[in-house]
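Take a look at the structure below.
Taken together, the values in this text are just the output of simple stated rules run on the coordinates, not laboratory data. Everything numeric in this text was worked out from a predicted model, so none of it was measured. FYI the Cβ positions are ideal-geometry reconstructions off the backbone, even for glycines, and counts take in every protein chain you see.
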Amino acid sequence: MRDTPETHVCIVCREPKTSGIRIWDQFVCAACEREIVQTDVEDEKYDFYIERLKPIWLDKIS
Ligand SMILES: [Zn+2]
């Protein structure tokens, strides 16, 4: 029997991925994490990422 790698649905791209980071109980895939890190704050994509991540942060702060 072969081990099937555990997949998690990325909260940014909404795709099941095997590698990435966990932010609290949520998952961000490696590709999206890299994208977020490289995205300039001025970039409109940055807002998109923040929008996706905001519910987690708000959930943990409150
Ligand atoms: Zn992703």
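I'm checking my understanding of the structure. Among residues of the range 41-62 that are in a helix (DSSP H, G or I) and of a type in the set (Ser, Thr, Tyr), which one is surrounded by the fewest Cβ atoms within 10 Å (Cβ to Cβ)?
Pass one, the range 41-62, residues in a helix (DSSP H, G or I): 44-61.
Retained after the next criterion (residues that are of a type in the set (Ser, Thr, Tyr)): 46, 49.
Details: Tyr46: 14, Tyr49: 19.
Going through the qualifying residues, I end up with Tyr46.
Within the range 20-40, restricting attention to residues that are under 17 Å from Lys60 (Cβ atoms) and β-branched (Val, Ile, Thr), the residue that is surrounded by the fewest Cβ atoms within 10 Å (Cβ to Cβ) is Ile21. The combined condition, being touching a strand residue (DSSP E or B) at 6+ places or on another chain (Cβ under 6 Å) and either hydroxyl-bearing (Ser, Thr, Tyr) or without any contact (Cβ under 8 Å) to a residue 24 or more places away in the chain (or both), is fulfilled by Cys29. For the range 9-19, filtering for residues that are surrounded by 12 or more Cβ atoms within 10 Å (Cβ to Cβ) and either of a type in the set (Val, Ile, Thr) or under 21 Å from Leu58 (Cβ atoms) (or both) leaves 5.
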